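Reviewing the structure listed below.
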Amino acid sequence: MTRWSFRKRFGCISYYDFLKMAQQFVTAMEQQHHGSKLEISVTLYASIPHSVSAPIDDGIAEFVEKENAKLELAKMVGVGGEMPHVPQELFVSAKNVQLVVHAPGYDYAFGHIECKGLLPHYIVFYVQSSNASAVEKIKSDCVGKHRPSKFWFGQGDGFERCHSVSLS
């Protein structure tokens, strides 16, 4: 598991910033999972979603999931590993945007990007896989080879959150 983030120095994360970094992230995920057809979804929220980070029971996770579903503005799913089309008007009107990538056939292999919301200047990346070298390669591709301009983007600590988080 690894996290990283970028902070846009001037202005908020734009539609084009998101598309470019999301495509580079998806490409890096594909390369590390041997060209497998990834399951890609982009969810746009009309309001800031919520998550619970502590181990929970008593149906709290299901409750939070149902409440967040009510906040969904739109959800697009990529077909056959293709990045789904996200209309610019929806991106602009969304309060929070999350992209999730699953690599079928690989245990615990998924990636997550989040932007807008509580920290509109940040785009946060998260990758988890049973293959630690694949995770580091994905991060090095996104932070090194395909890193956005250092003039426009500084690197964050990776632990920023663009949505509301509760410990219990």
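The values are calculated or read from the model by the stated rules, or taken from the named source; none is laboratory data. The shown structure was predicted, so the numbers you read here are calculated from the model rather than taken from an experiment. When we count neighbours, we look across all protein chains shown, and the Cβ atoms used for this are built from the backbone with ideal geometry, even at glycine.
Things worth noting here:
- Residues in segment 114-168 that are out of contact with any strand residue (DSSP E or B) (no Cβ under 9 Å at 6 or more places or on another chain) and touching a residue at least 12 places away in the same chain (Cβ under 8 Å): 6 in all.
- Of the residues in segment 17-32, not one is of a type in the set (S, T, N, Q), more than 26 Å from Ser133 (Cα to Cα) and touching a residue at least 40 places away in the same chain (Cβ under 8 Å).
- Test: Asn96 is closer than 30 Å to Gly154 by Cβ and over 14 Å from the mean Cα position of the chain (by Cα): no
- Test: Ser53 is hydroxyl-bearing (Ser, Thr, Tyr) and surrounded by fewer than 16 Cβ atoms within 10 Å (Cβ to Cβ): yes
- Criterion (surrounded by 11 or more Cβ atoms within 10 Å (Cβ to Cβ), more than 14 Å from the chain's Cα centre (by Cα) and among the small types (Gly, Ala, Ser)) met by exactly one of Gly81, Gly105: Gly81
This table checks each residue for (1) surrounded by 17 or more Cβ atoms within 10 Å (Cβ to Cβ); (2) of a type in the set (D, E, K, R); (3) in contact with a Ser or Thr (Cβ under 6 Å, 6 or more places away or on another chain).
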{"site": "Val77", "(1), (2), (3)": "no, no, yes"}
{"site": "Leu99", "(1), (2), (3)": "yes, no, no"}
{"site": "Cys115", "(1), (2), (3)": "yes, no, no"}
{"site": "Val127", "(1), (2), (3)": "yes, no, yes"}
{"site": "Ser130", "(1), (2), (3)": "no, no, no"}
{"site": "Ser133", "(1), (2), (3)": "no, no, no"}
{"site": "Gln155", "(1), (2), (3)": "no, no, no"}
{"site": "Cys162", "(1), (2), (3)": "yes, no, no"}
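- Residue selected from segment 19-39 under the condition assigned to a loop (DSSP other than H, G, I, E, B) and over 30 Å from Leu71 (Cα atoms), by the criterion modelled with the highest pLDDT: His33
- Flag for Gly11 being surrounded by 18 or more Cβ atoms within 10 Å (Cβ to Cβ), on the phi > 0 side of the Ramachandran plot and not in a helix (DSSP H, G or I): no
- Residue selected from segment 86-97 under the condition of a type in the set (A, V, I, L, M, F, W, C) and buried (at least 18 other Cβ atoms within 10 Å of the Cβ), by the criterion nearest to Lys116 (Cα to Cα): Val97
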